[in-house]
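Asks: The following block contains the structure, expressed as structure tokens.
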Amino acid sequence: MSIEATIPALAINGERLWQSLTELAAIGAYNDAATGLVGINRQSLTDEDGEGRRLVIGWMEEAGLTVTVDQMGNIFGRREGIEPEAAPVMAGSHIDTVATAGAFDGCLGVLGALEVIRSLNDAGLTTRRPIVITAWTEEEGVRFGTDMLGSAVAAGRLTLDYAYNLADEAGLRFGDELDRIGFRGDRPVLLEAPHAYVEAHIEQGPVLQQRGLAVGVVTGVQAISWQKVTLLGRAAHAGTTPTELRVDAGLAAAQIIVHARAMVNSGKYGQLRATVGHIRTAPGLPSVVPDLAEITVDLRNPDDSLMAQAEADLAEFLAELPTSQPGLRVETKRMAKTTAVPFDNNIQDTIAGVATNLGFETIRLMSGAGHDAQEMAAITPTAMIFIRGQYDGISHNPREYSTPEDCTAGITVLGNTILELAA
Ligand code: HGY
Ligand code: MN
Ligand code: MN
């Protein structure tokens, strides 16, 4: 259905946005053997992350923003409004990546917000409310084990102490790494509620592409549960040890992986999704029965009560596991847990109205991935704009891709939404 487009109150410069995305994507670039493409590995608080942060801060300052960094390393760029004491409109996302990333997850939201500032400057527009753009720390959670970490502390769900004491696989503490890259800021981390928060993000799923739409309005985020499960058995010779004498940690890990998918297939837990993304056995040798296995279990569900039932099912299965291998020990460690979060209807309507005025047909859809916006929703009216991804919306993979046209469309919607909220 074509909609009469009106000239955008704010036109953004899509080429400049694409140039910034390309420049940032060069930091942490690597040749990905699995896809033959250039991927990005810019995990939080690494040297590469520090380099990316300094590049983005330089751009923020060039755009005339006042930049501050808080105790979690969250970066804020503030553009003054006619009423400096009015609560600001905030927009942003994250620039840390998973280890096998594309160029858009998070970065499109941060650099898109920056492009809005640059375009407001070009247009000589001043808004009533101040505008603050942000880059949150450790959104992915893949290095320190808890996702949306920076925004969760800023919005008060997690404590600074909890965050500082998280450690990565090498045992390096979050707080120490933050110091090491020079981003433990002195701005107090607890955020004063802004007027509103809007986040633009690549969809990371197939819906917009299937519907032939460039832009979507996000209604909320599903619940997330991350656990690390460690299985302790008994090392033994793979040849001489009779099966009945074995306590095989690797077998136990495999049983859990199969059970996770069985929970999904059972239909008992609605639209449950389950992923064991990390598996490590020790000693990891062909002729030794593993006495240790470590896996992560990622559960997602749009319904909190069905999530709770799925977690209970998994817990019961883990408790039962030693009966099939007496002597097996099972240890679990909570890594992340967030509830389903609905986004603000008024902000959703504002985004949808702006998109319509710009000539973009949209749909409303829930996010399968977690986002910083779900943390901000606890303290201010919040919603998100999804931008179509290509190739079935593949993400957390170097094949992640959105076209320059779709990025321009989505960030034009972001810019005009911010303009409306800051008026
Ligand atoms: O895990 C997630 O959904 C997000 O990418 N942190
Ligand atoms: Mn993201
Ligand atoms: Mn991600």
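The values are calculated or read from the model by the stated rules, or taken from the named source; none is laboratory data. All values reported here derive from a predicted model rather than from experimental measurement. Here Cβ is always computed from backbone atoms with ideal geometry, including for glycine, and neighbour counts include all displayed protein chains.
Asks: So for the range 354-363 (the condition being small (Gly, Ala, Ser), more than 16 Å from ligand 2 (Cβ to nearest atom) and surrounded by fewer than 16 Cβ atoms within 10 Å (Cβ to Cβ)), does at least one residue qualify? Working first, answer last.
Replies: Of all residues in the range 354-363, those small (Gly, Ala, Ser) come to 355, 359.
Pick out the ones that are also more than 16 Å from ligand 2 (Cβ to nearest atom) and you get 355, 359.
Remaining after also requiring surrounded by fewer than 16 Cβ atoms within 10 Å (Cβ to Cβ): 359.
Checked against the condition, which is being small (Gly, Ala, Ser), more than 16 Å from ligand 2 (Cβ to nearest atom) and surrounded by fewer than 16 Cβ atoms within 10 Å (Cβ to Cβ), the range 354-363 yields at least one hit.
Asks: Filter the range 14-51 for residues that are polar (S, T, N, Q) and surrounded by 15 or more Cβ atoms within 10 Å (Cβ to Cβ) and give the result.
Replies: Those that are polar (S, T, N, Q) and surrounded by 15 or more Cβ atoms within 10 Å (Cβ to Cβ): Ser20, Asn41, Gln43, Ser44, Thr46.
Asks: When you go through (1) under 20 Å from Val69 (Cβ atoms); (2) among the charged types (D, E, K, R); (3) within 16 Å of ligand 1 (Cβ to nearest atom) one by one for Glu192, which number turns out not to apply?
Replies: (3)
Asks: Filter the range 369-383 down to the residues that are crowded, with 22+ Cβ neighbours inside 10 Å and more than 16 Å from ligand 3 (Cβ to nearest atom) and list them by number. Spell out how you get there, then give the answer.
Replies: So the first thing to find is which residues in the range 369-383 are crowded, with 22+ Cβ neighbours inside 10 Å, and the list is 370-377, 382-383.
Hits for the range 369-383 are Met376, Ala377, Thr382, Ala383.
Asks: Out of everything in the range 380-423 that is outside any helix (DSSP H, G or I) and small (Gly, Ala, Ser), what residue ends up being modelled with the lowest pLDDT?
Replies: First, pick out the residues of the range 380-423 that are outside any helix (DSSP H, G or I): 380-390, 394-403, 422-423.
Keeping just the survivors that are small (Gly, Ala, Ser) gives 383, 389, 395, 402, 422-423.
Details: Ala383: 98, Gly389: 98, Ser395: 98, Ser402: 98, Ala422: 97, Ala423: 92.
Selected residue: Ala423.
Asks: Shifting gears a bit: Kindly establish whether Ala200 is touching a helix residue (DSSP H, G or I) at 6+ places or on another chain (Cβ under 6 Å), surrounded by 23 or more Cβ atoms within 10 Å (Cβ to Cβ) and at pLDDT 95 or above. Full working, then the answer.
Replies: Working: touching a helix residue (DSSP H, G or I) at 6+ places or on another chain (Cβ under 6 Å): yes; surrounded by 23 or more Cβ atoms within 10 Å (Cβ to Cβ): yes; at pLDDT 95 or above: yes.
In short, yes.
Asks: Still on this structure: Could you identify the single residue in Leu108, Leu120, Leu114 that is crowded, with 22+ Cβ neighbours inside 10 Å and touching a Cys at 6+ places or on another chain (Cβ under 7 Å)? Don't jump to the end; show me each part of the working.
Replies: On the way: Leu120 fails: touching a Cys at 6+ places or on another chain (Cβ under 7 Å); Leu114 fails: touching a Cys at 6+ places or on another chain (Cβ under 7 Å).
Just a single option satisfies the conditions, and that option is Leu108.
Asks: Determine if the range 327-334 includes at least one residue that is in the same structural domain as Gly270 (by TED's automatic domain parsing), aliphatic (A, V, I, L, M) and not in a loop (DSSP other than H, G, I, E, B). First the steps, then the outcome.
Replies: Of the residues in the range 327-334, the ones in the same structural domain as Gly270 (by TED's automatic domain parsing) are 327-334.
This time we only want the ones that are aliphatic (A, V, I, L, M), so: 328, 330.
Narrowing the set further to residues that are not in a loop (DSSP other than H, G, I, E, B) leaves 330.
Yes, the conditions are met somewhere in the range 327-334.
Asks: Determine, yes or no, whether Thr35 is of a type in the set (Ser, Thr, Tyr) and not in a loop (DSSP other than H, G, I, E, B).
Replies: Working: of a type in the set (Ser, Thr, Tyr): yes; not in a loop (DSSP other than H, G, I, E, B): no.
Judged against the criteria, Thr35 is not a match.
Asks: Report the residue count in the range 109-154 for those that are touching a helix residue (DSSP H, G or I) at 6+ places or on another chain (Cβ under 7 Å), within 13 Å of ligand 1 (Cβ to nearest atom) and not aromatic (Phe, Trp, Tyr).
Replies: Here the count works out to 8.
Asks: Output yes when any residue across the range 319-335 is within 16 Å of ligand 3 (Cβ to nearest atom) and either among the acidic types (Asp, Glu) or within 16 Å of the chain's Cα centre (by Cα) (or both), and no when none is. Give the derivation first.
Replies: Step one: list which residues in the range 319-335 are within 16 Å of ligand 3 (Cβ to nearest atom), which gives 335.
With the extra rule that they be either among the acidic types (Asp, Glu) or within 16 Å of the chain's Cα centre (by Cα) (or both), the set shrinks to 335.
Scanning the range 319-335, I find at least one residue that is within 16 Å of ligand 3 (Cβ to nearest atom) and either among the acidic types (Asp, Glu) or within 16 Å of the chain's Cα centre (by Cα) (or both), so the answer is yes.
Asks: Only one of Ala86, Ala113 is of a type in the set (Gly, Ala, Ser) and assigned to a helix (DSSP H, G or I). Can you tell me which? First the steps, then the outcome.
Replies: Values: Ala86 fails: assigned to a helix (DSSP H, G or I).
Every option except Ala113 fails the conditions.
Asks: Working carefully through the options Val247, Val217, Val264, find the one that is among the hydrophobic types (A, V, I, L, M, F, W, C) and not assigned by TED's automatic domain parsing to the domain that holds Arg329.
Replies: Values: Val247 fails: not assigned by TED's automatic domain parsing to the domain that holds Arg329; Val264 fails: not assigned by TED's automatic domain parsing to the domain that holds Arg329.
Of the residues listed, the single one that is among the hydrophobic types (A, V, I, L, M, F, W, C) and not assigned by TED's automatic domain parsing to the domain that holds Arg329 is Val217.
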